[in-house]
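Below: one structure, written as structure tokens.
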Amino acid sequence: MVWNAQADWEALERALVGFDNGAVVALCDDLVRRLYAESEPYPTGPAKKLLNRLRTRRFFAQMERIADALIQTGAQTPGVRRLYAQALLDQGHFTVALQVLDALIADTQDSDRQENAEARGLKGRAYKQMYINARAPGVQRNQRWLDNAAIAYHGPYASEPDSEDDWCRLRHE
């Protein structure tokens, strides 16, 4: 089968624009079923587009299911894996999200600086949220989470200090 990603996008968009949550869930369930039934992986560009759209509309459980199925069926690009981790974080599944992010960071260290920086930032977000959720800043474990968040957030800037200056300059132009 040749994937018709445009038809998938249009159907999802119609359901989202129509605020038809049941149709969104049904479309996602159908896509997951088709992912497992087909031998060809889903195209990664359209996959990322669908996942991002689900994220903006806060369909995190569906986003997680589709990303998981995409990864299992061969569309395991860094972008899809990052979006999978984001879906996990958005649902409060910090432990597994951190494991996905650690693997992604290791895998993209020398091959994809953008996804590596994104993954490090998400790792910082995870630790920060764990610290906030604990509501006990005096506990040493929780303090380590805050330290880990700062380290994770700082990592991309430390490896490319010029990029921070470029970002600040662009922001103020």
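Filtering region 10-21 to residues that are open to solvent by 50 Å² or more (accessible area, probe 1.4 Å) and in a helix (DSSP H, G or I) leaves 10, 14, 17, 21.
So residue 32 fits all but one of (1) of a type in the set (Val, Ile, Thr); (2) open to solvent by 30 Å² or more (accessible area, probe 1.4 Å); (3) closer than 23 Å to residue 76 by Cβ; what number is the exception? Status for residue 32: all satisfied but (2).
At least 2 residues being open to solvent by less than 20 Å² (accessible area, probe 1.4 Å) and under 26 Å from residue 6 (Cβ atoms) is the threshold, and among the helices (runs of 4 or more DSSP H) wholly inside region 44-151 those reaching it are 44-56, 60-72, 78-90.
The values are calculated or read from the model by the stated rules, or taken from the named source; none is laboratory data. Note that this is a predicted model, so its numbers are computed, not measured. FYI the Cβ positions are ideal-geometry reconstructions off the backbone, even for glycines, and counts take in every protein chain you see. Areas reflect the complete protein model, heavy atoms only, side chains present, ligands, DNA and RNA absent. Shrake-Rupley method; radii C 1.70, N 1.55, O 1.52, S 1.80 Å.
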